[in-house]
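K.L.:
Can you read through this structure? Questions will come right after.
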Amino acid sequence: MPVIDMPVSQLETYRGVSPRPADFDAYWAKALSDLEAQDLAVEFVPAAFQTDKAECYDLYFTGVGGSRVHAKFLKPRLMDGKAPAVLQFHGYSADSGDWSGKLGYADEGFVVAALDCRGQGGLSEDRTAYRGTTMNGLIIRGLDDPDPENLYFRNVFLDTVALARIVMNLPYVDAERVGAMGGSQGGGLTLACIALEPRINRAAPCYPFLSDYKRVWDMDLDQRAYAELRNFFRHHDPLHAREDAIFEKLGYIDVSNLAPRIRANVMMATGLMDDVCPPSTQYAAYNRMKCEKRHVLYPDFGHEGLPGFNDMTFQFMLEMKAR
C-alpha cells in the first residue's frame, strides 16, 4: 500500500505529538462564554439567486470581536414538519462556493448554511486587531500576541459554533438532525464545530487541516498550506528559541486537542498520499475521538478530489431524514 507517512498499522494507534496547553479546557470555556455574551444581530437578506424549490438568503451575523460574518443560506420552499440541516465549511482562503452546488441538499428537504470564513475569499470581514505579524497566513495571526485569545482561528472556530446555533434555533429546523461537512480547512472546521457544539448529529470531515502542527513540522511538510509556519520561524524566531512555546500556543487551535469532546457520528476521509495535510495529523484527531466513527481510506490519493466521497457524504446525511 502506498504511503508517505507511517504504515497504516502505526497510524491506527497514533495520537499526535503536538502539546495540549494546561488551561486548554478553561480557554475554550471562556471562548464559548464570550460567544454567549455576543449579540449576534442575525440578518437574513434575500439573495439574487433563487429557485422554485429553495429560498436563498445571505445570512449575516456579528461574531466575537465585532466582525460581520456571512453565510449562504438555503431553505426548502416545501417542508413537512421540522427540517434537517447541514452546515458546510470551505477550504483555506476560499469561500462558501456557488449557490447551485447546494441545491441537492435543499431539494432533499435540508436547510443549508455555508460559512464564509472571516477575512478569506468570501464576504465575511475580520475586524480583529492582532499584535505581531499578519503576513502570509492565518495560522500565525495572533501567534506573537501575548493573549492567546487573539489567535485568528479561535474566532473562526467560534463562528462555526455561532452558525450552528443560529440554524439549530430556527423554529423550522430539527436541532437533533443537523450535520456538518467540509474538506481541508473545512474538514478542520467541521471537527472544531462538532467538538464545541456537541449537539450536532453527524459530520463528514475530509482530510482535515489544522491538526497536530508539530507533526507537520517534524515531517518537514511545512509547505503549501502550512508554509506560514516555516516563514514565521525564519522571520520571527530564526534560532527557534521559542519553538516549544510557539507549538504550545498553537495547541489551543489544534483540532486534535478538541477531538475528545466530539459526540457526533463521524465519517472521515483520508488520502494516504496526502502531503498537504499528512495522514498522521489526520489520524491524530481521528484516534482521539470517543464517538461513533468510520474512517474511509484512499490509499492512492492525496489532497485532491476523493472519488465517491461526496456521494457517500450525501447518503450519510440523508440517513438523518429517516430518524
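Quick note: the coordinates plus some simple rules give every number you see, no bench work behind them. Just so you know, these numbers come straight off a predicted model, no measurement behind them. Positions of Cβ are generated from backbone atoms using ideal geometry, with glycine treated the same way; all protein chains shown enter the neighbour counts.
K.L.:
Among the residues that make up segment 21-40, is at least one of them farther than 25 Å from residue 123 by Cα, part of a loop (DSSP other than H, G, I, E, B) and in contact (Cβ under 8 Å) with a residue 12 or more places away in the chain?
P.N.:
Yes - at least one qualifying residue is present in segment 21-40.
K.L.:
A further question follows. Looking at residue 69, is it buried (at least 22 other Cβ atoms within 10 Å of the Cβ), in contact with a Phe, Trp or Tyr (Cβ under 8 Å, 6 or more places away or on another chain) and over 30 Å from residue 149 (Cβ atoms)?
P.N.:
When the stated conditions are applied, residue 69 does not pass them.
K.L.:
Related question: Which ones in segment 99-133 are closer than 26 Å to residue 235 by Cα, hydroxyl-bearing (Ser, Thr, Tyr) and in contact with an Asp or Glu (Cβ under 9 Å, 6 or more places away or on another chain)?
P.N.:
Of everything in segment 99-133, those that are closer than 26 Å to residue 235 by Cα, hydroxyl-bearing (Ser, Thr, Tyr) and in contact with an Asp or Glu (Cβ under 9 Å, 6 or more places away or on another chain) turn out to be 130, 133.
K.L.:
Out of all the residues in segment 200-220, which are assigned to a loop (DSSP other than H, G, I, E, B), in contact (Cβ under 8 Å) with a residue 24 or more places away in the chain and of a type in the set (Asp, Glu)?
P.N.:
Correct list: 212 only.
K.L.:
Kindly check whether there is at least one residue in segment 98-121 that is touching a residue at least 60 places away in the same chain (Cβ under 8 Å), among the basic types (Lys, Arg) and either under 22 Å from residue 186 (Cβ atoms) or surrounded by fewer than 24 Cβ atoms within 10 Å (Cβ to Cβ) (or both).
P.N.:
no
K.L.:
Out of (1) of a type in the set (D, E, K, R); (2) surrounded by fewer than 21 Cβ atoms within 10 Å (Cβ to Cβ); (3) within 16 Å of residue 211 (Cβ to Cβ), the odd one out for residue 274 is which?
P.N.:
Result: residue 274 fails condition (2) only.
K.L.:
Being more than 15 Å from the chain's Cα centre (by Cα) and either within 21 Å of residue 159 (Cα to Cα) or among the acidic types (Asp, Glu) (or both) is the filter here, so list the residues in segment 250-286 that pass it.
P.N.:
250, 251, 260, 263, 274, 275
K.L.:
For a quick check of your reading of the model, give me the residue pairs whose first member lies in segment 64-76 and is at positive phi, whose second is of a type in the set (Ser, Thr, Tyr), with beta-carbon atoms closer than 6 Å and at least 6 apart or on different chains.
P.N.:
65/128
K.L.:
Does segment 285-301 contain at least one residue that is assigned to a helix (DSSP H, G or I) and either among the aromatic types (Phe, Trp, Tyr) or surrounded by fewer than 23 Cβ atoms within 10 Å (Cβ to Cβ) (or both)?
P.N.:
Within segment 285-301, one or more residues are assigned to a helix (DSSP H, G or I) and either among the aromatic types (Phe, Trp, Tyr) or surrounded by fewer than 23 Cβ atoms within 10 Å (Cβ to Cβ) (or both).
K.L.:
Does residue 107 satisfy being under 18 Å from residue 313 (Cβ atoms) and in contact with a Lys or Arg (Cβ under 9 Å, 6 or more places away or on another chain)?
P.N.:
Against the criterion (under 18 Å from residue 313 (Cβ atoms) and in contact with a Lys or Arg (Cβ under 9 Å, 6 or more places away or on another chain)), residue 107 qualifies.
K.L.:
Would you please name the residue that is nearest to residue 169 (Cα to Cα), looking only at residues in segment 225-238 that are touching a residue at least 60 places away in the same chain (Cβ under 8 Å) and of a type outside the set (A, V, I, L, M, F, W, C)?
P.N.:
For segment 225-238, the residue satisfying everything is 226.
K.L.:
Restricting to segment 44-64, give me the number of residues that are within 20 Å of residue 119 (Cα to Cα) and among the polar types (S, T, N, Q).
P.N.:
Looking only at that region, the number is 1.
K.L.:
Restricting attention to segment 243-262, and to residues there that are aliphatic (A, V, I, L, M) and part of a helix (DSSP H, G or I), which single residue is surrounded by the most Cβ atoms within 10 Å (Cβ to Cβ)?
P.N.:
255
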